[in-house]
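Following: one structure in structure tokens, then a few remarks.
The values are calculated or read from the model by the stated rules, or taken from the named source; none is laboratory data. Only a predicted model underlies this, so the values are computations on that prediction, with no experimental measurement involved. Glycine also receives a Cβ, built like all others from the backbone with ideal geometry; neighbour counts cover every protein chain displayed.
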Amino acid sequence: MQGRRQPLTRREAVQQHGYGGLAMAGDLLQFKLSKNGTAETLFVAGELDISSAPAFEHAVSQALGGQGQEFRVDISGLTFMDSTGAQALVRVHKHVERLGRQLVVASPTPGVRMVLEILGLDQVIDVQA
């Protein structure tokens, strides 16, 4: 069909968001940590689901080395998140709070934002456009 775009494959979505060549959880998830003084942002791209959730939690644990108030997880590159991915996000939120910090989930795509809203996580976790 002309005029209608086909959905992006995982690889195309990751390439479009500029995450090529970074640490990955198989083919599903990629991470990039950005530090600016005490500000830390973990950029996440790909699919957050049952197969990639453990790698996501591990990446956050590894990134939380420094001190600071806010720890940002930019999920603008997430193309999919299921309930297992949402559970991983809740566990990450609790882990960050135990360290005396605040988790901010930044830039969710419309589909991921819908999952967060349906589950009520936007009421528990600081989700910013």
Residue check: is Glu57 part of a helix (DSSP H, G or I), of a type in the set (D, E, K, R) and under 14 Å from the mean Cα position of the chain (by Cα)? yes
Looking at segment 18-29, can you tell me whether even one residue there is surrounded by 20 or more Cβ atoms within 10 Å (Cβ to Cβ) and at pLDDT 95 or above? no
Test for Gly46: is it on the phi > 0 side of the Ramachandran plot and assigned to a strand (DSSP E or B): yes
When you scan segment 68-82, do you find a residue that is buried (at least 20 other Cβ atoms within 10 Å of the Cβ), of a type in the set (Ser, Thr, Tyr) and not in a helix (DSSP H, G or I), even just one? yes
Pull out all pairs, ordered by first then second residue, where Cβ-Cβ is under 8 Å, the residues are six or more apart or on different chains, the first lies in segment 80-93 and is under 9 Å from Ala53 (Cβ atoms), and the second is of a type in the set (D, E, K, R) and in a helix (DSSP H, G or I). Ala88/Glu57; Arg91/Glu57
Filter result for Gly65 (at positive phi and surrounded by fewer than 13 Cβ atoms within 10 Å (Cβ to Cβ)): no
